[in-house]
1. Based on DSSP H assignment, which helices of the chain show an axial Cα extent of at least 15 Å together with a mean Kyte-Doolittle hydropathy greater than or equal to 0.5?
2. Sticking with the crude label model, points 7 Å out along Cα→Cβ, report the distance from S109 to N69 in nm, one decimal please.
3. Compute the accessible area per residue over the chain, keeping the other protein chains in place, probe 1.4 Å, unit Å².
4. Working out 0.36 nm times the residue gap between T99 and N10, then minus their Cα-Cα distance, what length gain in nm do you get to one decimal?
5. Could you derive backbone 3J(HN,Hα) for region 84-100 from the dihedral phi with the Karplus parameters 6.51, -1.76 and 1.60 (θ = phi - 60°), listing whole Hz in sequence and x where the residue is Gly or Pro?
6. Using 0.36 nm per residue, how much length does the chain from Q128 to V84 gain when fully extended, once their Cα-Cα distance is taken away?
7. Name the long-range amide H neighbours of H43: under 5 Å, sequence gap of 5 or more, or other chain; modelled H, no Pro or chain starts.
8. For the chain, give the magnitude of the charge dipole about the Cα centre (Cβ charges: +1 Lys/Arg, -1 Asp/Glu; no others), in debye to the nearest 20.
Amino acid sequence: PEKAMDILNNCIFESSKGAMWMTFFVGVYDATTSQFNYCCASHNFPYLFPQLEGGRTLKKKDVVPLGLNNGPALGRDPASIYKVGTCHLNPGDQILFFTDGLVESKNTSEQMFGDVKLVKSILSLIQQGQSSTQQIKSLCATLKEFTTTAPQDDDITFFTLKIKSKAGSDIVQK
């Protein structure tokens, strides 16, 4: 991931001479080792919602923001260094990726949806036993209910990655 960040950073810097910056997150999942390696360039941190052992209920304190090694926005400085974060993913773990347009969506009172509401919403959907697909549909409905008729200033993009099986096994669902 750090090589991809370095290449992108230099391309953006060279084409804009430092006048254009971009946030970015890149991650690589190795299904043979269950390792997820990632770099973050001032982008919203994805959230890891781990599958807890022993039937424990997932709580806010269990959610892990990925990107605490956050680097500068791409295109600011060609000498920027992006550090790699690593985590081990287990079956049932899921990561929510999103753009700032999601958490910065506003309602008619100019209140933002925010990270707290986002995490609480996903936690509730996981606790209800919703699949990843159902969670995305439900989050869309929750966001629409929150924003009602308020115009949005940015794109809204989000998706989840859910680990289905152990490392080295057949990860394609049939």
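The values are calculated or read from the model by the stated rules, or taken from the named source; none is laboratory data. In this text, all values refer to a predicted model and were calculated from it rather than measured experimentally. Cβ: placed from backbone, ideal geometry, glycine included. Neighbour counts: every protein chain shown. The protein model used for the area step is the full one, side chains on, heavy atoms only, and it has no ligands, DNA or RNA in it. Shrake-Rupley method; radii C 1.70, N 1.55, O 1.52, S 1.80 Å.
1. 114-127
2. Computed distance between label sites S109 and N69 equals 4.1 nm.
3. 57 Å²
4. 29.8 nm
5. 8, x, 9, 9, 9, 10, 10, x, x, 5, 9, 10, 9, 9, 7, 9, 4
6. 12.5 nm
7. F24
8. With Lys and Arg at +1 and Asp and Glu at -1, about 600 debye.
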